[in-house]
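So the structure is just underneath, and the comments pick up after that.
The values are calculated or read from the model by the stated rules, or taken from the named source; none is laboratory data. Since we're looking at a predicted model, the values are computed, not measured. Note that we place each Cβ from the backbone using ideal geometry, even for glycine, and neighbour counts take in every protein chain shown.
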Amino acid sequence: MTRKYILRLNKDLCIGCGICAEICPKEAIKEQPPSIYNGRLKKKPKIDIDIGSCIFCGECVVLCPYNALTMTVDGKEIPVIVQNEAFPVLSREITVNEHACYFKPGCKLECKDSCPIDGIKIDAKLSEKGEVTRVSNIQIDRHSCLYCKICESNCPIGAIHVTKPYQGSIEIDTTLCPEDCRACVDICRTNAIELGKNGKAVVSPEFCLFCSACQKVCPKQAINVKRQWVFHTDVDAAAWLTALKKLTSHETVMKELRIKSGKKRLSLVQRRRLDVT
């Protein structure tokens, strides 16, 4: 039976970070450079997909930090490589202690107002002075959520917890930053980069997705982004290790293998103890 594969790219959500191009096993995705004029981003980087070379594995869909890629197989939205247990699901989660929110008067709805994608909807009762007296019906658009932790950081009562899939580092050599340039600020979807009082870029690593889009648009190569770890469900497959090496480094792959080996040894010891008892 012939199966119908469809890979879609939402160009509005894509910022051209290039993660998909980095990991594509068939090199079916190519990056196009940005356009910068007078220090401003006039055209963001973009990607082109060669459908003729694509094998519809779905690795790009799993790893896209902006949910810009989707794939359906016979109308079902699940990447083939995950379905075949050859690739993990990234650990992306946001939880809200709604009970704490409901009975916390004085909330200024910082989580809703600070969300960079307008992905949080809240029903709130207001006093005659316009102050929030009760919060109810908190809705989070988890399909669009970037898991950037901005809402978690802005919640005054610690009612929100966000799990980011990528862990890494970002460094900016501001001595290289051209005067009046803000291309990195323009491209950043989570507002992790802002301009300081001196006109130079200031980064908040806790909100960074480590996608490296800012690094790609910087005209002076002043930004260095490194992905050091990827949180994900357990999987034992060569395809994932290959992608992980492209995403991070050989050292990260070796660390993951050591962790897997340790888990296997622990499981073996536990089984032997059960056999003895």
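Per-structure values
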{"read-out": "Matching residues in the range 239-262 - criterion: being touching a residue at least 12 places away in the same chain (Cβ under 8 Å) and over 21 Å from LYS164 (Cβ atoms)", "value": "ALA239, LEU241, THR242, LEU257, LYS260"}
{"read-out": "Residues that are within 20 Å of TYR147 (Cβ to Cβ) and either out of contact with any helix residue (DSSP H, G or I) (no Cβ under 7 Å at 6 or more places or on another chain) or part of a loop (DSSP other than H, G, I, E, B) (or both), drawn from the range 245-258", "value": "THR248"}
{"read-out": "Output for the range 174-186, where each listed residue is under 19 Å from LEU41 (Cα atoms), out of contact with any helix residue (DSSP H, G or I) (no Cβ under 9 Å at 6 or more places or on another chain) and either modelled with pLDDT of 95 or more or not acidic (Asp, Glu) (or both)", "value": "THR174, LEU176, PRO178, CYS181, ARG182"}
{"read-out": "For ILE49: the one exception among (1) β-branched (Val, Ile, Thr); (2) modelled with pLDDT under 95; (3) surrounded by fewer than 19 Cβ atoms within 10 Å (Cβ to Cβ); (4) within 21 Å of the chain's Cα centre (by Cα)", "value": "(2)"}
{"read-out": "Test for ASP12: is it without any contact (Cβ under 8 Å) to a residue 60 or more places away in the chain and within 17 Å of SER144 (Cβ to Cβ)", "value": "yes"}
{"read-out": "Qualifying position, being closer than 16 Å to CYS64 by Cα and either of a type in the set (Ser, Thr, Tyr) or at pLDDT 95 or above (or both), among GLN167, GLN221", "value": "GLN167"}
{"read-out": "One residue from GLU77, GLU128 being surrounded by fewer than 15 Cβ atoms within 10 Å (Cβ to Cβ) and within 30 Å of ASP234 (Cβ to Cβ)", "value": "GLU77"}
{"read-out": "Boolean, LEU90 is under 26 Å from GLY18 (Cα atoms) and surrounded by 12 or more Cβ atoms within 10 Å (Cβ to Cβ)", "value": "yes"}
{"read-out": "Of all residues making up the range 94-112, the number that are at pLDDT 90 or above and more than 14 Å from GLN139 (Cα to Cα)", "value": "1"}
{"read-out": "Complete set of residues in the range 183-201 that are touching a residue at least 24 places away in the same chain (Cβ under 8 Å) and either assigned by TED's automatic domain parsing to the domain that holds CYS14 or under 22 Å from the mean Cα position of the chain (by Cα) (or both)", "value": "ALA183, CYS184, ASP186, ILE187, CYS188, ARG189, THR190, ASN191, ALA192, ALA201"}
{"read-out": "Pick from the range 117-160, criterion small (Gly, Ala, Ser) and closer than 23 Å to TYR66 by Cα, ranking: modelled with the lowest pLDDT", "value": "SER144"}
{"read-out": "Selection status of ALA124, outside the structural domain of PHE207 (by TED's automatic domain parsing) and closer than 13 Å to VAL96 by Cβ", "value": "no"}
{"read-out": "Residue match in the range 233-244 (condition: assigned to a loop (DSSP other than H, G, I, E, B) and surrounded by 14 or more Cβ atoms within 10 Å (Cβ to Cβ))", "value": "yes"}
